[in-house]
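Each reported figure results from applying straightforward, stated rules to the coordinates on display, with no laboratory input. From a predicted model like this one, the values you see are computed outputs, not experimental measurements. All Cβ positions, glycine included, derive from the backbone under ideal geometry; neighbour counts span all protein chains shown.
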Amino acid sequence: DVKVTQSSRYLVKRTGEKVFLECVQDMDHENMFWYRQDPGLGLRLIYFSYDVKMKEKGDIPEGYSVSREKKERFSLILESASTNQTSMYLCASSLSDRERQPQHFGDGTRLSIL
Amino acid sequence: AQKITQTQPGMFVQEKEAVTLDCTYDTSDPSYGLFWYKQPSSGEMIFLIYQGSYDQQNATEGRYSLNFQKARKSANLVISASQLGDSAMYFCAMREGRRYSTLTFGKGTMLLVSP
């Protein structure tokens, strides 16, 4: 079974802090993704990566950056956290760039910025 | 333009009955895939079922089946014999066939199953 692990289920940070959300997958997947989920808006893609050290902007990259130094780990960074970044963050991975391959998700991190 | 539309914000169904969750999509790519995910209140996203644009038959996975109508661009999820544990948010998503395309999600439908 694919396991995608997000480092925290709940996180509370202060405005202006630099925040790191970590995601690790154990199935040697090439592709990894970061989403945020807000009520009424569904899931929106922040950044994704198709290879180590490679990153691509998604639909809402502003205020975020990512790092993928190793294949199994994909980190989301909030450079200077703001209250409008309070949200549920979901990490996902998939095996390859084939349309049949589903994305497998972690349990999510509920982030509150005070 | 919205690529995935789920018109039902919420649905109610009684236990053991079947329910259909609607999903319409918009793409000009002849090659694409459609996914359904379930998200219980605990938050994790669970992959349920996949339908490819070139698949000849409607996808089925246990109690889940897809009513795929390509000409209408709809891919409705049918859950047969609903159970209390089916209460969750359900998301429809699409991936187009070009290289490095990503999933686009609908806004979801909340399903509540009552005893």
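Got a sec? How would A:I113, A:I77 order by Cβ neighbour count within 10 Å, fewest to most? Working shown, then result.
On the way: A:I113 19, A:I77 14.
The order, fewest Cβ neighbours first, is A:I77, A:I113.
Specify whether the C-alpha gyration tensor of segment A:1-43 places it in the rounded, prolate or oblate class, a ≥ b ≥ c being the square roots of the eigenvalues: rounded for a/c under 1.5, otherwise prolate if a/b is larger than b/c and oblate if not.
Working: a/c = 2.32, a/b = 1.47, b/c = 1.58.
In terms of gyration-tensor shape, oblate.
In terms of Cα to Cα distance under 25 Å, which lysines are near enough to A:K18, apart from those fewer than 8 places away along the same chain?
Cross-link targets: A:K53, A:K55, A:K57, A:K70, A:K71.
I need the chymotrypsin sites (Phe, Trp or Tyr not before Pro) found in segment B:30-92, filtered to DSSP loop residues with at most 13 other beta carbons within 10 Å of theirs.
Working: sites: B:Y32, B:F35, B:W36, B:Y37, B:F47, B:Y50, B:Y54, B:Y64, B:F68, B:Y90, B:F91; in loops: B:Y54.
Within segment B:30-92, the qualifying chymotrypsin sites (Phe, Trp or Tyr not before Pro) (loop, at most 13 other Cβ atoms within 10 Å) are B:Y54.
Beyond 19 Å, how much of the Cα-Cα pair distribution for segment B:1-59 remains, as a whole percent?
Values: 788 of 1711 pairs.
It works out to 46 percent of all Cα pairs.
Amide H neighbours of B:Q8 under 5 Å, at least 5 residues apart or on other chains, H built in the peptide plane: list them.
B:D22
Along segment A:3-18, what does the Karplus equation 6.51 cos²θ - 1.76 cosθ + 1.60 (θ = phi - 60°) give for ³J(HN,Hα), rounded to whole Hz, x for Gly and Pro?
10, 10, 10, 9, 5, 9, 7, 9, 8, 10, 10, 9, 3, x, 6, 8
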